[in-house]
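Contents: one structure, followed by commentary.
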Amino acid sequence: MAKTSLLRPLATVAAAAVLVATGALPAAAAGQGTTDTTAPDLAGVRAALDATAAAGAPGAFAVIRDHDAAARTRSVSVGLADLDGTPMNSSWRFRVGSNSKMFTAVLVMQLAEEGRIDLDRPLREYLPEGTLPEGWTMTGRQVMEHRAGVFDHTNDLLEQAGEETTSAFEARIRTKVYDPRALVAMSVKHGVQYTPGTRYSYSNTDFVLMGLAVEHLTGQPYQEVLNERILQPLGLRKTSFVVPDQDIRGAHVTGYLTNDDRTKPLLDSTAQTGSWLWAAGAVISDAEDLDRFLTALMAGGNGGLVSDASLQQMTAALATPTAKISYGLGLRRITLSCGDVYGHGGIVQGFNTQSFTTQDGRRSVVVFANASNNGSVTQGLMNTLEPAFCGKQPVAPRTAFAPAPAPASVPAPVNSLPVVEDTRI
């Protein structure tokens, strides 16, 4: 692949910087449709992270990076990286879950630019013979938008009646090695769920299919294609795809699975093959590499990953049934009070991540907690995005005729975002 250099400057500030320089930053250029890079509300971010830990996560962090003339990094960490008492470290590696879909989407867009896949033709034409039945006409674009009617195979793996989440994890996820085509076969058994293109329904199988297309069109294993086209060109040295190896190499946060029975202790779920999600969710990375990837992606043709035209397609997000949430080609768009941000979330057993950036790439935010299967933990992370991107909300003035409202028992965050469906919670 010819595009191998990242032309847009990237921040090189270390991820360990904590609560530095909070002065206002220059506003984004007019017409960009993005958030202004005003100073983040670090107190608001910390409050959301504290709530995340109180909800059941051993620890959590947020890393906020600005890529303007006054490039800087702000990092806020709370709690523990493991239950042995190690403080949370925002520079350590973790499983990114469905953030992996962004990497797979970039590979597909590169192949589309090379004329090797037409996203508006039936995807089955670009898959190994027999992967999808002949009557399945959904296009690659519909699959990447989660509008293809493909049943999510993870429903079969995680939600069988009578089994708790931890039991399912030990029985079918931690050490099992699945062939990607076997995952697709689980989905196919359920048939097409609706007429492709008529509605939105998030499905991890969609990006298993796109990973299979990448392998089929290149003749290489997914891991090799990912290394050659994204990780090596961008210098993402802490990002890897090691399926079916179970370990996370190097310094990493320990992930914990929340028991359905909350009286039981958290289960260390760090070691797992990742094969149950494969190209839809098995990437391992860290906050700095996710920032570098997102910044390069949003730079379009100047970023070394995809062309401006491809980026425009990826960010042309369609509405979903969830308020403030839209979805494009492997990218989620969230509407905040100060504008739209793009990225993805990822909830994989023991790890919970949200990674987003402004459309102009001037600010990225990566938030993380080391617990899953807990909707309150995910909600806490979602609540960091508004203060991280938009800063402190102004307080409405109160007139003499308007008494202060009685304080609620648990005050709701301003502009709270809904939890989204990166996997079953």
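The values are calculated or read from the model by the stated rules, or taken from the named source; none is laboratory data. Everything quoted here is computed from the prediction, not taken from an experiment. Using ideal geometry, Cβ is built from the backbone for each residue, glycine included, and neighbour counts are taken over all protein chains shown. The area values use the complete protein model at the heavy-atom level, side chains included, leaving out ligands, DNA and RNA. Shrake-Rupley method; radii C 1.70, N 1.55, O 1.52, S 1.80 Å.
Restricting the stretch 102-140 to residues that are under 26 Å from the mean Cα position of the chain (by Cα), assigned to a loop (DSSP other than H, G, I, E, B) and aliphatic (A, V, I, L, M), the residue that is nearest to S355 (Cα to Cα) is L119.
Counting only strands (runs of 3 or more DSSP E) wholly contained in the stretch 247-357, the ones carrying 3 or more residues that are in contact with a strand residue (DSSP E or B) (Cβ under 6 Å, 6 or more places away or on another chain) and open to solvent by less than 10 Å² (accessible area, probe 1.4 Å) occupy 339-348. For the stretch 204-226, the criterion of being β-branched (V, I, T) and surrounded by fewer than 16 Cβ atoms within 10 Å (Cβ to Cβ) is satisfied by no residue at all. With respect to the conditions (1) within 18 Å of S98 (Cα to Cα); (2) of a type outside the set (G, A, S); (3) open to solvent by 50 Å² or more (accessible area, probe 1.4 Å), L157 lacks only one, and its number is (3).
Inspect the stretch 80-95 for any residue being small (G, A, S), assigned to a helix (DSSP H, G or I) and open to solvent by 10 Å² or more (accessible area, probe 1.4 Å) and give the result as yes or no.
no
Selection of the stretch 358-385 for residues being open to solvent by less than 10 Å² (accessible area, probe 1.4 Å) and in a helix (DSSP H, G or I) yields V377, T378, G380, L381, M382, T384, L385. Does S372 satisfy the condition of being in contact (Cβ under 8 Å) with a residue 12 or more places away in the chain and of a type in the set (S, T, Y)? Yes, satisfied.
For G235, are the conditions met, namely being crowded, with 20+ Cβ neighbours inside 10 Å, small (G, A, S) and within 23 Å of the chain's Cα centre (by Cα)? Taking the combined requirement at face value, the residue does not satisfy it.
Taking the options D152, D179, name whichever one is surrounded by 14 or more Cβ atoms within 10 Å (Cβ to Cβ), out of contact with any Leu (no Cβ under 9 Å at 6 or more places or on another chain) and not aromatic (F, W, Y).
It is D152.
Residues being open to solvent by 20 Å² or more (accessible area, probe 1.4 Å) and either aromatic (F, W, Y) or in contact with a helix residue (DSSP H, G or I) (Cβ under 6 Å, 6 or more places away or on another chain) (or both): count how many of those fall in the stretch 45-55.
Summing the residues that are open to solvent by 20 Å² or more (accessible area, probe 1.4 Å) and either aromatic (F, W, Y) or in contact with a helix residue (DSSP H, G or I) (Cβ under 6 Å, 6 or more places away or on another chain) (or both) in the stretch 45-55 gives 2.
Taking R124 as the residue in question, decide whether it is charged (D, E, K, R), in contact with a Leu (Cβ under 6 Å, 6 or more places away or on another chain), touching a residue at least 40 places away in the same chain (Cβ under 8 Å) and open to solvent by 10 Å² or more (accessible area, probe 1.4 Å). So R124 does not fit the description; no. Of the residues making up the stretch 201-232, not one is on the phi > 0 side of the Ramachandran plot and among the aliphatic types (A, V, I, L, M).
Taking A185 as the residue in question, decide whether it is open to solvent by 40 Å² or more (accessible area, probe 1.4 Å), under 19 Å from E134 (Cβ atoms) and in a helix (DSSP H, G or I). Here the answer is yes, as A185 does meet what is asked.
Set side by side, the residues G281, G304, G330 differ, and just one is modelled with pLDDT of 95 or more and touching a Gly at 6+ places or on another chain (Cβ under 8 Å), which is G281.
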